[in-house]
Structure formats: structure tokens, C-alpha cells
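Peer 1: Just passing along the structure, written as C-alpha cells.
The values are calculated or read from the model by the stated rules, or taken from the named source; none is laboratory data. For clarity, every value in this text was computed on a predicted model and none was experimentally measured. A quick note on method: Cβ atoms are made from the backbone with ideal geometry, for glycine too, and the neighbour counts reach across all protein chains shown.
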Protein chains: 2
Amino acid sequence: MAAPLVAAAAVASAADPLPSWNDGAPKKAIFEFVRRVTREGSADYIAPRERIAVFDNDGTLWAEQPIYFQFAFAIDRVKTLSSVHPEWRTTAPFKDVLTGDIKALAASGKQGLLQVMAASHSGITTEDFNTIVGSWLATAKHPRFQRRYTELAYQPMLELLDYLRSQDFKTFIVSGGGVEFMRVFAEQVYGIPPEQVIGSSAATKFVPVGTDGKPALIKEPHVEFIDDGIGKPSGINRFIGRRPLLAFGNSDGDLPMLQWTAGGAGPRFVALIHHTDADREFAYDRQSAVGKLDKALDEAQRQQWLIIDMKRDWLRVFSAGK
Amino acid sequence: MAAPLVAAAAVASAADPLPSWNDGAPKKAIFEFVRRVTREGSADYIAPRERIAVFDNDGTLWAEQPIYFQFAFAIDRVKTLSSVHPEWRTTAPFKDVLTGDIKALAASGKQGLLQVMAASHSGITTEDFNTIVGSWLATAKHPRFQRRYTELAYQPMLELLDYLRSQDFKTFIVSGGGVEFMRVFAEQVYGIPPEQVIGSSAATKFVPVGTDGKPALIKEPHVEFIDDGIGKPSGINRFIGRRPLLAFGNSDGDLPMLQWTAGGAGPRFVALIHHTDADREFAYDRQSAVGKLDKALDEAQRQQWLIIDMKRDWLRVFSAGK
Ligand SMILES: [Ca+2]
Ligand SMILES: [Ca+2]
């Protein structure tokens with residue numbers, strides 16, 4: 001009896017490219033928009049080369065609570081490096097990282113955060129950094145779900161990415177997260193190649209003769225670009241050079257990207273993920289320190305942008321166990 | 001008799017994807033490298049997603065003498081704008097631009113050059129800038145060849161770009177030129193989409209409500225990134241995130257990009273275009289103010305990188321009249 005069941009499942013999947021989305025307005029709106037811009041002869045037809053779709057990462061493609069996953073990496077990296085930095089045991093913000101005093105760490109503010117990021121993300125070659133992030137992702141577990149972080153990608157969004165690509169959209173990440181951090185897993189997890197990942201970055205320095213005698217790029221401690229807030233439309237302009245047709249975000253940091261997308265001529269599709277599911281994931285918006293969604297929620301309501309209610313609209317949340 | 005002739009020409013073209021290259025070592029080396037990395041089962045096989053090919057623009061994909069074409073645009077733009085800037089008639093470096101005193105302009109140095117670029121490239125939206133560059137390219141003529149600048153793309157390089165793409169290479173521009181300037185023509189002339197053009201950039205500023213009531217990106221006067229010299233490997237890392245398999249350049253500003261490419265594991269292909277053809281194009285290298293080729297020529301000889309001798313290796317130079 002197994003074979004017919006498998007065959008039936010395959011038919012169902014071919015018929016519905018978004019099986020992890022509940023039937024409802026968002027799923028319907030996605031299908032309608034894609035059909036509208038891809039049907040040849042349609043008044044709203046858009047050529048494949050203009051089918052640019054952009055996605056925020058944290059809270060849009062994978063989870064971001066209780067702290068950004070890249071920050072969890074930074075904390076683990078500071079712990080590892082502390083063996084060669086004994087002075088960190090008595091110096092803020094590093095001592096707060098080492099003792100797990102997140103409150104004191106938060107009190108050190110943006111400056112403290114930048115110090116932790118710089119110490120954990122620089123002074124090595126880009127290739128060594130990739131290896132270190134890869135090892136961390138292969139072993140580190142999320143504190144609540146006890147899953148690898150890459151298993152906390154959102155299954156409905158993976159299906160959406162695949163569906164859009166099947167309709168000749170080019171999918172990009174446009175995230176406040178570090179570009180080199182995301183690139184380590186974006187291709188395998190999201191099917192998004194490195195050259196389509198846009199994010200914040202620190203400077204790199206080219207050295208014609210590195211420690212192994214070969215040319216190297218060394219990661220420097222100073223910030224080069226923050227791809228958040230009004231940085232997102234600038235990042236899109238700099239890296240893509242076309243205005244997106246479709247944009248998904250989940251926080252106030254995405255508002256300018258959504259406005260820029262919506263402001264283009266012709267059909268555009270903008271959507272917000274609203275985290276409403278405390279049981280399966282997390283419920284947060286206007287008061288959250290991570291992924292605050294306040295002004296963008298008001299604007300989405302005003303402009304009638306699509307608001308995806310995770311609890312209502314997603315049949316399944318995580319890719320875990322796939 | 002016309003039909004058989006056309007058919008014969010089509011066969012010849014199918015048989016040789018590089019008809020504007022003379023038979024010789026460079027043409028042979030290109031074919032051999034591409035076969036080596038694309039033949040499945042070959043020890044040096046490279047998956048399509050890793051087939052990244054990068055090309056400098058000025059002097060590599062199109063001409064750059066007697067002045068960079070983008071600088072010719074800047075001069076014309078300053079002349080246009082001078083009607084609303086009467087003070088420019090008496091202020092360096094603008095008065096030197098207006099009177100055509102290139103020597104005085106050169107004497108104003110890097111600072112003067114930046115002033116001319118800022119005045120001609122900022123204070124407008126990204127979309128207006130695209131329109132202005134498009135109009136200029138449609139009408140402006142090169143002083144010697146009396147051709148539109150886009151007709152001075154190198155036919156052998158257009159064939160090479162097409163050939164590489166037919167072999168599943170992804171082709172990128174990595175140029176010191178302005179990214180927004182190049183994107184106006186790169187897709188139509190080179191078949192390279194905006195998101196695969198990497199270049200120098202000035203900052204842009206997002207404005208939620210522009211003069212027409214819609215969101216806008218305004219081009220700002222300050223430089224954000226110089227994609228030249230050691231900036232090229234950093235730009236490749238930031239925009240592509242993979243090390244190229246193949247790189248072409250023509251000047252010392254390309255040396256770090258060529259070193260970074262050559263330094264990768266496995267097969268790599270790096271090449272320099274040597275401008276040796278005063279009759280059909282220009283002849284210049286170690287002493288040239290534009291496109292100086294000195295250290296990179298020495299290094300190419302030392303490392304036995306491919307050096308393309310324009311006069312010897314190219315049957316045809318320009319795409320003009322195509
Ligand atoms: Ca987010
Ligand atoms: Ca050049």
C-alpha cells in the first residue's frame with residue numbers, strides 16, 4: 001500500500017507548492033500576485049530578469065529569539081577565545097559575556113555590542129571565518145528547541161522561496177545580519193547563493209602574501225555597512241541595482257525596504273511576518289527588544305500590505321526534522 | 001545563393017565561439033581551461049555555481065582612451081549644469097572643465113576630480129541619474145572614432161562573455177568605474193545584469209517621501225567605496241562571496257584581483273589585455289596616465305599569466321557597426 005500513498009503525496013505536492021501554508025488570504029494573495037506578473041500577455045506581465053524578490057533573514061526566514069542567532073555565535077566565540085584573552089575575565093563587556101550576565105551586557109549598549117562583534121568576527125581570514133561559523137552551526141543548539149539553528153528555518157518560507165524560483169524569480173536576502181555569517185548556510189538551507197546575500201559587513205583587507213604565503217583577505221574590526229533601516233534600500237540599490245517586485249520582512253528595520261518596494265511602478269508585493277505563535281515559536285511585536293515591530297505594523301495596516309499571522313497562516317513552522 | 005551562405009556562416013560560428021580572436025596561444029588557452037573545468041568526470045571539474053568569471057571594465061571590456069568614458073560624461077554634465085551654476089565660470093576645477101583646459105584640470109589633482117564627479121553625479125534620484133546617463137550614451141560620440149561609446153566595446157570580449165555563459169559561467173564586472181553608470185548599459189551591451197556589476201559608489205540616501213510624493217533614493221556627493229586596487233578583492237568578497245575562477249584586467253589597478261583569483265586552490269585563469277594596437281585602438285602601458293600597466297605586467301610575466309596582445313591576438317577590435 002506504500003507506493004500509491006507516496007504517489008498521491010507527490011501529486012498533492014505538485015498541485016500545491018505551499019503545503020505548509022494554511023488556506024487563507026495570504027496564500028491566495030501570493031498565488032494571485034505571482035500569476036498576475038508571470039502570465040504572458042497579462043497587462044501586468046514582468047520579464048524574468050525584473051523578478052527580484054528580497055527577504056529579510058532574522059525573524060523572516062529563520063527564528064531570532066531569544067537573541068539573534070549570530071549573537072549566540074559571537075558569545076560562544078568569545079568564550080572560546082577567552083583562553084587566549086585572560087584580561088577579558090575582568091573587562092566589560094567580555095566579562096559579562098563570560099559570566100552570562102546578559103543584563104549587564106545589554107547595559108553596555110551599542111558600544112559593548114560592537115566590541116563583542118568585533119572581537120568575535122575579525123582578525124582572521126575570510127576563509128577561516130567561514131570554517132569557524134560552519135563548525136558552530138553544525139554543533140550549536142537553540143536553548144529552547146534543542147535543535148541546530150539551521151533547523152529553525154521556516155518551512156513555509158522555504159516553500160515560498162522554491163515556488164518563486166520555479167516562477168523565474170531571483171531570490172535575495174537583504175538582512176541586518178552579517179553577510180559573511182549568512183553566506184555560510186544560505187545556499188544549503190535557503191537555496192540562495194552567496195552572491196544573492198546582502199547584509200551588514202565589516203571591512204576586509206587584502207594582503208598579497210598571507211601567513212601561508214598566499215594572498216588573503218583579513219577581516220577587520222571596523223564596520224563598513226549596516227544593512228538595516230534606511231540602509232536596506234541603499235543596500236538593494238548598491239548590490240542589486242533594480243527595485244524589487246516582492247519584499248518580505250518582520251520588523252521596523254524592514255520598513256524602508258518595504259516602502260521602497262511598494263513605491264515602484266506597476267504591481268508590487270510587500271508582506272510582514274507577524275510573530276503570533278507563543279506555543280510553536282514566539283509571540284512578540286511592539287515591545288520586543290529583538291525584532292521590534294511597531295511602526296511597520298501601523299504602516300502595513302494603513303497601506304493594506306499583507307500581514308502574515310504565523311499562528312493562523314502557517315500549518316507548520318520549522319524545517320526541523322525535514 | 002544567399003541561404004547556403006548564411007547557413008555556412010552559422011556553422012562556422014557554432015564551430016568557433018570566438019571568431020574575432022586570431023588563432024594562437026590565448027585563444028587556445030581559453031578553450032583548454034574552459035574544457036578542463038567543465039568536463040564532467042575531469043579531475044579539475046568545477047560545479048556551475050562556482051564558475052565565477054570577473055572582468056574589469058575600462059580597457060578590458062571597452063576602450064578607455066583618451067579619458068575614461070565616465071569622465072567624458074562628467075565633463076558634459078558639468079557643461080549642462082553650468083547654466084544654473086554661473087559661479088563655475090570662475091571657480092576651479094569647474095572653469096577648467098568649461099574652457100576645456102584639461103592640463104589645469106589635471107593639476108587640480110584628486111580633489112578636483114572628486115569635485116567634478118560629485119557635482120555631476122549627485123543631488124538627484126538614482127532613477128533620474130539612470131535616465132541622464134542613458135540619454136548621454138545614446139548621443140555622445142568618441143572624439144577619435146566618432147562612434148557612440150557603447151560601440152567601442154571589444155568584440156572579442158563580447159564573444160568571450162557569451163562563450164563563458166554558454167558554459168554556465170556567471171559573468172561579473174569588477175571595475176573602478178561607477179556602479180550606477182555602468183549598469184545603465186551593461187545588460188544591453190555585455191549581457192551582464194545590474195546585480196552582477198560591481199563598481200565604485202557614492203552613498204545614497206533613502207527618503208520615504210520624495211519630491212513626487214513617493215519614496216526615493218538620492219545620490220549623495222560622498223564616496224562610499226572605491227573598487228580599485230586592493231578594493232577589488234574586498235569588493236569581490238563583499239558582493240560575490242566566492243573566489244573567481246577566471247579574471248581579466250588590463251592595468252595595475254587589477255593586480256590584487258588577479259592575485260586573489262590566481263591564489264585560489266585548483267585551476268584558475270588570469271589574463272591581462274595589453275593595449276598594443278595604435279592603429280586600430282591605442283598603444284599604452286607603463287607610462288600611461290589612464291590604465292597604467294606596469295607592476296601587473298611584470299607580475300604577469302613572472303607568474304606566466306596570459307597576456308593578450310591586442311594587435312596580434314584580436315582579428316577585430318570594436319563591436320561598432322554590429
Ligand atoms: Ca528581521
Ligand atoms: Ca581597466
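Peer 1: Report whether or not A:ALA74 is within 30 Å of A:ALA278 (Cα to Cα), in the same structural domain as A:ALA289 (by TED's automatic domain parsing), of a type outside the set (Phe, Trp, Tyr) and touching a residue at least 24 places away in the same chain (Cβ under 8 Å).
Peer 2: For A:ALA74, the condition - within 30 Å of A:ALA278 (Cα to Cα), in the same structural domain as A:ALA289 (by TED's automatic domain parsing), of a type outside the set (Phe, Trp, Tyr) and touching a residue at least 24 places away in the same chain (Cβ under 8 Å) - is not met.
Peer 1: Okay, next question. Does the stretch B:77-92 contain any residue that is touching a helix residue (DSSP H, G or I) at 6+ places or on another chain (Cβ under 6 Å), assigned to a helix (DSSP H, G or I) and crowded, with 22+ Cβ neighbours inside 10 Å?
Peer 2: No.
Peer 1: Name the single residue, out of those in the stretch A:50-76 being near ligand 1 (Cβ under 10 Å from one of its atoms) and polar (S, T, N, Q), that is surrounded by the most Cβ atoms within 10 Å (Cβ to Cβ).
Peer 2: So the residue we want is A:ASN57.
Peer 1: Having 2 or more residues that are basic (Lys, Arg) and within 14 Å of another protein chain (Cβ to nearest Cβ) is the bar; report the helices (runs of 4 or more DSSP H) wholly within the stretch A:253-322 that clear it.
Peer 2: It comes to A:295-303.
Peer 1: Just a yes or no: is a residue in the stretch B:245-263 out of contact with any strand residue (DSSP E or B) (no Cβ under 9 Å at 6 or more places or on another chain) and among the hydrophobic types (A, V, I, L, M, F, W, C)?
Peer 2: no
Peer 1: Hand me the list of strands (runs of 3 or more DSSP E) wholly inside the stretch A:113-230 holding 2 or more residues that are within 16 Å of ligand 1 (Cβ to nearest atom).
Peer 2: A:170-178, A:197-207
Peer 1: Within the stretch B:35-60, can you find the residues that are away from chain A (no Cβ under 14 Å) and within 23 Å of B:ALA296 (Cβ to Cβ)?
Peer 2: B:PHE55, B:ASP56, B:ASN57, B:ASP58, B:GLY59, B:THR60
Peer 1: Across the stretch A:207-225, what is the total count of residues that are in contact with a strand residue (DSSP E or B) (Cβ under 6 Å, 6 or more places away or on another chain) and either free of Cβ contacts under 8 Å to residues at least 12 places away in the same chain or surrounded by fewer than 16 Cβ atoms within 10 Å (Cβ to Cβ) (or both)?
Peer 2: Qualifying residue count, the stretch A:207-225: 5.
Peer 1: Just to be sure I understand, how many residues within the stretch B:55-85 are β-branched (Val, Ile, Thr) and within 12 Å of ligand 2 (Cβ to nearest atom)?
Peer 2: Counting residues in the stretch B:55-85 that are β-branched (Val, Ile, Thr) and within 12 Å of ligand 2 (Cβ to nearest atom) gives 1.
Peer 1: Filtering the stretch B:259-280 down to residues that are in contact with a helix residue (DSSP H, G or I) (Cβ under 6 Å, 6 or more places away or on another chain) and not hydrophobic (A, V, I, L, M, F, W, C), which residue is farthest from B:PRO156 (Cα to Cα)?
Peer 2: Across the stretch B:259-280, the extreme among qualifying residues is B:PRO267.
To keep it simple, each residue is scored yes or no on (1) within 17 Å of the chain's Cα centre (by Cα); (2) over 23 Å from A:ASP227 (Cα atoms); (3) not polar (S, T, N, Q).
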residue: B:ILE124; (1), (2), (3): no, no, yes
residue: B:GLY134; (1), (2), (3): yes, yes, yes
residue: B:GLU151; (1), (2), (3): yes, yes, yes
residue: B:GLN167; (1), (2), (3): no, yes, no
residue: B:SER175; (1), (2), (3): yes, no, no
residue: B:ALA186; (1), (2), (3): yes, yes, yes
residue: B:VAL207; (1), (2), (3): no, no, yes
residue: B:PRO215; (1), (2), (3): no, no, yes
residue: B:GLU224; (1), (2), (3): no, no, yes
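Peer 1: If I ask for residues that are more than 7 Å from chain B (Cβ to nearest Cβ) and either outside any helix (DSSP H, G or I) or on the phi > 0 side of the Ramachandran plot (or both), which ones from the stretch A:231-242 would you list?
Peer 2: Scanning the stretch A:231-242 gives no hits.
Peer 1: A:ALA104: over 18 Å from the mean Cα position of the chain (by Cα), farther than 30 Å from A:LEU160 by Cβ, away from ligand 1 (no atom under 16 Å from the Cβ) and not in a helix (DSSP H, G or I), yes or no?
Peer 2: Taking the combined requirement at face value, the residue does not satisfy it.
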